[in-house]
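What follows is one structure encoded as structure tokens, with my remarks underneath.
The values are calculated or read from the model by the stated rules, or taken from the named source; none is laboratory data. Keep in mind that this is a model prediction, so the values were computed, not measured. Here the Cβ is made from the backbone with ideal geometry for all residues, glycine too, and neighbour counts use every protein chain on show. Quick note on the areas: whole protein, heavy atoms, side chains included, nothing else; ligands and nucleic acids left out. Shrake-Rupley method; radii C 1.70, N 1.55, O 1.52, S 1.80 Å.
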Amino acid sequence: MSNQAAGKPVRLPREERRRQLLSAAQEVFVSNGFHGAAMDEIAEAAHVSKPVLYQHFPGKRELYMALLDNHLNTLTEFLRTALNSTTDNKLRVRETMRAYFRFVAQDSQGHRMVFESDLTNDAEVSARIEEFNARFANSIAGVIAEDTKLSHLEATLLGRALAGMAQVSARYWLETDGGLDIDAASELVYRLAWRGISRFPKEI
């Protein structure tokens with residue numbers, strides 16, 4: 001008779017168990033917020049005992065920080081792939097906007113947990129989000145600087161503006177519940193962004 005048939009918990013490999021616990025924690029954080037979440041609820045959602053949960057994570061803060069890092073790393077990789085997909089700067093902006101929307105569509109819970117959490121005012125959390133925002137904005141600034149005569153500081157300011165545009169518009173698109181096709185939505189934002197950039201004098 002198997003352990004599962006006998007009513008005993010199945011022993012998962014450590015990494016698989018960790019993924020299971022993080023998935024359960026994300027559901028609870030999104031539903032209840034960080035401050036409203038409890039380790040009891042997370043253990044119940046993951047179908048494990050609290051001792052098993054504590055073997056992997058000392059507390060809910062460690063769970064949250066692990067989820068935050070996972071999502072920011074995944075989003076960073078999405079955006080890096082988009083920027084490296086072509087040497088045409090116009091297409092780079094287009095693919096970057098598309099990648100951001102696709103990430104939000106693929107993992108809407110994760111995006112909400114990162115950017116709409118009740119923990120965003122926490123110093124450590126805000127520092128990690130700011131680090132991501134800075135990398136994202138600097139990547140876009142590099143594209144702008146290559147394509148215009150703007151200084152690094154000017155390009156970085158516009159990079160911040162375009163990064164914010166991607167985040168806010170993608171978040172709003174989520175709220176429309178499919179009322180607008182994802183490719184049409186990202187195309188609209190890209191066209192607005194590129195038309196703005198293309199008005200600046202070109203680098204010769």
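A few comments on the model shown:
- Helix-only [θ]222 nm of the chain, DSSP H runs n ≥ 4, -39500 (n - 2.57) each, per residue, nearest 500: -25000 deg cm²/dmol
- Accessible surface of the chain, 1.4 Å probe, proportion on carbon and sulfur as whole %: 51 percent
- Rolling a 1.4 angstrom probe over the protein heavy atoms with all chains in place gives the chain an accessible area of 55 Å² per residue.
- Semi-axes of the equivalent ellipsoid for region 4-99, Cα gyration tensor, largest first, Å: 36, 16, 10
- Relative protection proxy for 83-96, 167-180, from highest mean packing down: 83-96, 167-180 (other beta-carbon atoms within 10 angstrom).
- Debye intensity ratio I(q)/I(0), log10, region 152-194, q values 0.15, 0.19 Å⁻¹ (C-alpha model): -0.40, -0.59
- Since only 173, 52, 141 are under comparison, the one whose Cα sits farthest along the positive direction of the charge dipole of region 45-204, derived from C-beta charges on Lys, Arg, Asp and Glu, is 141.
- Built amide H within the under 5 Å cut-off of residue 148, gap 5+: 203
- Peptide ranges 14-23, 101-110 listed from the most packed, as the mean C-beta count within 10 angstrom indicates: 101-110, 14-23
- Total charge dipole magnitude, the chain, about the Cα centre, Cβ charges on Lys, Arg, Asp, Glu only, Debye to nearest 20: 380 debye
- Span-rule helices in the chain, defined as complete DSSP H runs reaching 30 Å or more along the axis (Cα) with Kyte mean at least -1.0: 60-83, 123-147, 152-175
- Nearest-10 value in Å² for the accessible area of residue 31, using the 1.4 Å probe: 90 Å²
- Ratio Rg/Rh, restricted to region 86-129 and using Cα atoms, in which Rh is the Kirkwood radius: 1.15
- If you wrap the tightest convex hull around every Cα atom of region 107-183 and split its volume per residue, you get 105 Å³.
- Probe 1.4 Å - accessible area at residue 154, Å² to nearest ten: 90 Å²
- Simple label model, 7 Å out from Cα along Cβ direction - residue 80 to residue 171, nm: 2.5 nm
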